[in-house]
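Take a look at the structure below.
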Amino acid sequence: MSVYMTPACAEAMREELRDLLYTKRPEMARTAEWAAGNGDRSENADYQYAKRALRRFDSRIRFLSKRLEGAQIIDPTAQGKIAGGKVLFGATVTVDEEGEEKVYSIVGVDETAPGRGVISWVSPLGKALLGKREGDVVTFMAPKGERELEILKVEYRPIAVGVVPAPEEDDAEENDG
């Protein structure tokens, strides 16, 4: 699957990657080095915590690096110039659903915020909207059943949402000791 993202998402990922590479990981490496000097590593909670944190950082660094390397960064404003009135990646679409107006922006999988109307291009709604125009009626299957929307307006404007955070490791495991 292609990795599409907005410029805001790409910049947020680059910023997180820089922070991990040049701040957080080096600090944790120093902590691990200090903790290793405190005796038996098998019973050293500071050392074990630091090593676990380093593994999480390394995993996130690999993920971000790979994601950015394969990303196609699409500027919604530039996309609007070639869209010809169609809904494409980066569109902000105003719809009428059962008499209620809702606004959805179509973005990449790493930047969704469904509660704020920022949806992925591979979501059921995102897929249903792609390629449609103002005035079209769209029907799609949502988790709660079939939904029908009418497209009222298609716009292309900057979308600034950020990046879906990395999943946190289970803190219960760390607090059991």
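The values are calculated or read from the model by the stated rules, or taken from the named source; none is laboratory data. What you see is a predicted model, and the numbers here were worked out from it, not measured in a lab. So basically every Cβ, Gly included, is an ideal-geometry build from the backbone, and we count neighbours across all protein chains shown. Remember, those area values only see protein heavy atoms, side chains included, never the ligands or the DNA or RNA. Shrake-Rupley method; radii C 1.70, N 1.55, O 1.52, S 1.80 Å.
Quick rundown of the values:
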| quantity | calculated |
| --- | --- |
| Which numbered condition Arg55 fails, given (1) within 17 Å of Val3 (Cα to Cα); (2) surrounded by fewer than 13 Cβ atoms within 10 Å (Cβ to Cβ); (3) modelled with pLDDT of 95 or more | (1) |
| Where a residue in segment 41-54 is more than 18 Å from Leu21 (Cβ to Cβ) and its partner, wherever it lies, is assigned to a helix (DSSP H, G or I) and of a type in the set (Lys, Arg), with Cβ under 7 Å and at least six apart | Tyr47/Arg41 |
| Qualifying residue in segment 8-27 (condition: of a type in the set (Val, Ile, Thr), outside any loop (DSSP other than H, G, I, E, B) and loosely packed, with under 11 Cβ neighbours inside 10 Å) | yes |
| Residue among Lys132, Lys127 that alone is open to solvent by 90 Å² or more (accessible area, probe 1.4 Å), out of contact with any Ser or Thr (no Cβ under 6 Å at 6 or more places or on another chain) and at pLDDT 95 or above | Lys127 |
| Cross-chain or 6+ apart pairs with Cβ under 6 Å, segment 145-159 first and among the acidic types (Asp, Glu), then surrounded by 17 or more Cβ atoms within 10 Å (Cβ to Cβ) | Glu155/Thr92 |
| Identity of the residue in segment 13-31, in contact with an Asp or Glu (Cβ under 8 Å, 6 or more places away or on another chain) and not basic (Lys, Arg), that ends up nearest to Asp46 (Cα to Cα) | Thr31 |
| Scan of segment 28-39 for residues that are open to solvent by less than 90 Å² (accessible area, probe 1.4 Å) and either at negative phi or in a helix (DSSP H, G or I) (or both), ordered by number | Met28, Ala29, Thr31, Ala32, Ala35, Ala36, Gly37, Asn38 |
| Flag if Thr6 is closer than 30 Å to Gly135 by Cα, of a type in the set (Ser, Thr, Tyr) and touching a helix residue (DSSP H, G or I) at 6+ places or on another chain (Cβ under 7 Å) | yes |
| Residues of segment 76-92 satisfying the condition of being under 18 Å from Val122 (Cα atoms) and either in a helix (DSSP H, G or I) or open to solvent by 60 Å² or more (accessible area, probe 1.4 Å) (or both) | Pro76, Gln79, Lys86 |
| Segment 93-119 - residue that is assigned to a loop (DSSP other than H, G, I, E, B) and open to solvent by less than 20 Å² (accessible area, probe 1.4 Å) and, of those, modelled with the highest pLDDT | Gly108 |
| Every residue from segment 43-59 that is over 13 Å from Glu27 (Cα atoms), within 22 Å of the chain's Cα centre (by Cα) and small (Gly, Ala, Ser) | Ser59 |
